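Everything on this sheet refers to the single structure shown next.
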Amino acid sequence: MSGKKDESLRCDCHVIHSDIVDRVRKKMPPEEMFYDLAELFKVFGDSTRIKIIWALFEEEMCVCDIAYLLNMTQSAISHQLRVLKQARLVKPRRDGKNIFYSLDDQHIEEIFNQGLSHINE
């Protein structure tokens, strides 16, 4: 990458535009919300969890089925499902001795599809 291109993106302004900064500051959510959002995006940062979410778009599934589908151990899938459950991305449903997992709500599919749209642009 050429140094000239980098320099063209640098702001040489030394004046703070207080009106703009104040407007943005007033609209900023609390710090905890940024932390929570960052944590949510971290959960999406693992390809195994993305595969699990993708599978659960199609069907409610148990750990055994997901493990078989992804060619992984049940223990590894259980660990990832625990992370997804803590992030409120999946929910369990007990049916006798079996526990089936599904997406927690419609928002997860929307977030996922927005990500896919972005990378496919």
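Note on the chain: helix-only mean residue ellipticity at 222 nm, from DSSP H runs of 4+ residues weighted -39500 (n - 2.57) and normalised by residue number, equals -19000 deg cm²/dmol.
In straight-distance terms, cross-link reach from Lys85 covers every one of the aspartates and glutamates whose alpha-carbon lies under 16 Å from its own, apart from those fewer than eight places away in the same chain; here that gives Asp36, Glu39, Asp46, Glu60, Asp104, Asp105, Glu109. Note on Arg94, Arg49: ascending count of other Cβ atoms within 10 Å places them as Arg94, Arg49, the fewest first. For the chain, a/c is not less than 1.5, where a ≥ b ≥ c are the root eigenvalues of the C-alpha gyration tensor, and a/b tops b/c. That puts it in the prolate class. When segment 29-119 is described by a simple charge dipole with +1 on each Lys and Arg Cβ and -1 on each Asp and Glu Cβ, the residue from Val90, Met33, Cys64 located farthest towards its positive end is Cys64. Using a Gaussian network model of the chain in which every pair of alpha carbons under 10 angstrom is joined by a spring, one finds that among Val21, Val43, Val90 the greatest mean-square fluctuation is at Val21. The angle between the Cα long axis of helix 106-119 and the main principal axis of the chain comes to about 60°, on a 0 to 90 degree scale. With neighbour counts taken as other beta-carbon atoms within 10 Å, the residues Phe44, Phe34 rank, fewest first, as Phe34, Phe44.
The numbers here are math on the coordinates, done by the rules we state, and not lab data. Computed from a predicted model, the values in this text were never measured in an experiment. So basically every Cβ, Gly included, is an ideal-geometry build from the backbone, and we count neighbours across all protein chains shown.
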